[in-house]
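First up is the structure itself, then whatever we jot down about it.
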Amino acid sequence: MANSFFQFKEFIIHQDQCAMKVSTDSCLFGGWVSSIQKKPKNVLDIGGGTGLLTLMLAQKSNSFFDCVEIESECFEQLKANINGSKWKDQCAIFNEDIINFKPEKKYDLIISNPPFYENQLNSTSDKINLARHHSGLLIADLFEVVEKNITDDGTFFLLLPESRRSECIEKARALNFFPEYIVDVKQTNKHAIFRSMFCFSKISQQPLVNEIIIKEDDGNYSDTFVSLLKDYYFSL
């Protein structure tokens with residue numbers, strides 16, 4: 001059974017009310033975004049979940065965050081995690097469908113970690129279905145939301161299963177978003193790629209493609225993983 005909380009160096013994530021728990025790949029994603037963010041003024045976290053990504057980015061910036069979460073129980077936990085942090089005054093939390101979200105500003109950084117297992121067998125848990133399969137928000141819908149809410153020079157960071165990589169790029173291009181960075185993630189050198197991390201912008205360009213392995217063959221975290229997570233994990 002997953003722990004009811006995850007203690008980081010500067011904040012704590014309680015997760016017993018959220019279907020999708022803190023995972024190694026989501027932490028890696030947050031660390032990666034934090035390492036290359038361009039000091040954004042306003043950040044939108046689509047599908048805020050536990051608040052993990054917002055708090056990881058807040059630890060490294062003076063940005064203002066709007067965190068949108070549709071599932072009501074998870075929203076309450078998100079609110080508690082944000083309000084229990086030292087960055088609560090930089091964050092606003094919204095319990096609504098991102099499709100209906102109408103902010104009065106645009107964002108120079110948007111981030112999302114929705115697994116999007118579209119057209120795959122659903123879980124028997126409604127909450128997990130909403131968080132993991134997200135049948136109400138397809139990849140094309142997501143990019144339409146981003147297009148409406150991002151500044152002209154803004155960046156959109158997205159974490160997806162590797163199996164959605166080509167489709168994601170195609171849907172993005174249809175709305176004139178182009179990958180600036182693509183990072184493929186493996187558990188070890190012996191494993192296949194299982195996640196892809198993207199940074200999209202409105203500038204047509206040849207993306208910089210890299211690969212990160214989480215652990216070396218000896219079982220230790222890779223140097224790249226350590227460099228991205230050492231400010232967050234007690235064990236590094």
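The values are calculated or read from the model by the stated rules, or taken from the named source; none is laboratory data. Fair warning: this is a prediction, and the values are worked out from it, not measured in the lab. Because the Cβ atoms are built from the backbone with ideal geometry, glycine has one as well, and the counts that use them run over all protein chains shown. The accessibility values were calculated without ligands, DNA or RNA, using every heavy atom of the protein model including side chains. Shrake-Rupley method; radii C 1.70, N 1.55, O 1.52, S 1.80 Å.
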Relative contact order for the stretch 182-228 using alpha-carbon pairs under 8 Å, separation at least 6, rounded to a whole percent? 39 percent
Taking the simple approach of a point 7 Å from Cα along Cα-to-Cβ for both residue 227 and residue 144, what is their distance in nm? 4.0 nm
Free-standing Cys, the chain [no other Cys Cβ under 4.7 Å]: 27, 67, 91, 168, 199
Taking only DSSP H segments of four or more residues, each worth -39500 (n - 2.57), what value at 222 nm results for the chain once the sum is divided by all its residues, to the nearest 500 deg cm²/dmol? -7500 deg cm²/dmol
Calculate, in nm to one decimal, what residue 104 and residue 178 gain on full extension: separation in residues at 0.36 nm each, minus their alpha carbon distance. 24.1 nm
Of the residues 75, 101, 65, which exhibits the maximal mean-square fluctuation in a Gaussian network model of the chain defined by a 10 Å Cα contact cut-off? 101
With the 8 Å Cα cutoff and a minimum separation of six or more residues, the chain has a relative contact order in percent of 17 percent
So the carbon and sulfur contribution to the accessible area of the chain, 1.4 Å probe, in percent, is 47 percent
Set the Förster distance to 41 Å, then compute FRET efficiency between residue 92 and residue 188 from the Cβ-Cβ distance, nearest 0.05. 0.55
For a quick protection proxy, order the peptides 148-155, 208-215 by their average other-Cβ count within 10 Å, most packed first. 148-155, 208-215
Cross-link candidates for residue 86: which aspartates and glutamates have Cα within less than 17 Å, leaving aside residues fewer than 8 places away along the same chain? 10, 66, 231
